[in-house]
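Data block below; observations after.
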C-alpha cells in the first residue's frame, strides 16, 4: 500500500511540474546563450589581448550552466518528472 501511495505522489508531481520544467529549461538555455554572447562580445572588443579573463569567465559560466542543466534533466528523468518523447 505504501508503494502505491509513493507512485501516486510521483505521478501527481509529474502532472503538475512539466510547465515549470519547460520554463526552467528555456530560462537556462537563454542564460547559456547570453553567456555565450557575452564571451563573443568580450572577445571582439578585446583585440589587443591584454585581458582575456572576461572571455574565459563568460565561457566558464556557460560550461557550468550547461553541465548544471544536463545534471538537473538527468535527475528529473530519474525521478520520472520528465519523460523522453512526452
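The values are calculated or read from the model by the stated rules, or taken from the named source; none is laboratory data. Treat the numbers as computed from the prediction; the structure is a model and nothing was measured. We place every Cβ from the backbone using ideal geometry, glycine too, and count neighbours over all the protein chains shown.
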Can you find a residue that is surrounded by 14 or more Cβ atoms within 10 Å (Cβ to Cβ), at pLDDT 85 or above and within 23 Å of residue 71 (Cβ to Cβ) anywhere in the stretch 6-22? yes
Can you list residue pairs whose Cβ atoms sit under 7 Å apart, with the first residue in the stretch 63-86 being in contact (Cβ under 8 Å) with a residue 60 or more places away in the chain and at positive phi and the second being surrounded by 12 or more Cβ atoms within 10 Å (Cβ to Cβ) and part of a helix (DSSP H, G or I)? Count only pairs 6 or more apart in sequence or on different chains. 80/10; 80/14
With criteria (1) surrounded by 12 or more Cβ atoms within 10 Å (Cβ to Cβ); (2) modelled with pLDDT of 90 or more, residue 70 comes up short on (1)
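Where residues in the stretch 52-67 are under 30 Å from residue 85 (Cα atoms) and surrounded by 13 or more Cβ atoms within 10 Å (Cβ to Cβ), which of them is farthest from the chain's Cα centre (by Cα)? Don't jump to the end; show me each part of the working.
Of all residues in the stretch 52-67, those under 30 Å from residue 85 (Cα atoms) come to 61-67.
Now drop any that are not surrounded by 13 or more Cβ atoms within 10 Å (Cβ to Cβ), which leaves 61-62, 65-66.
Working: 61: 12, 62: 10, 65: 6, 66: 6 Å.
Only one residue fits best here, namely 61.
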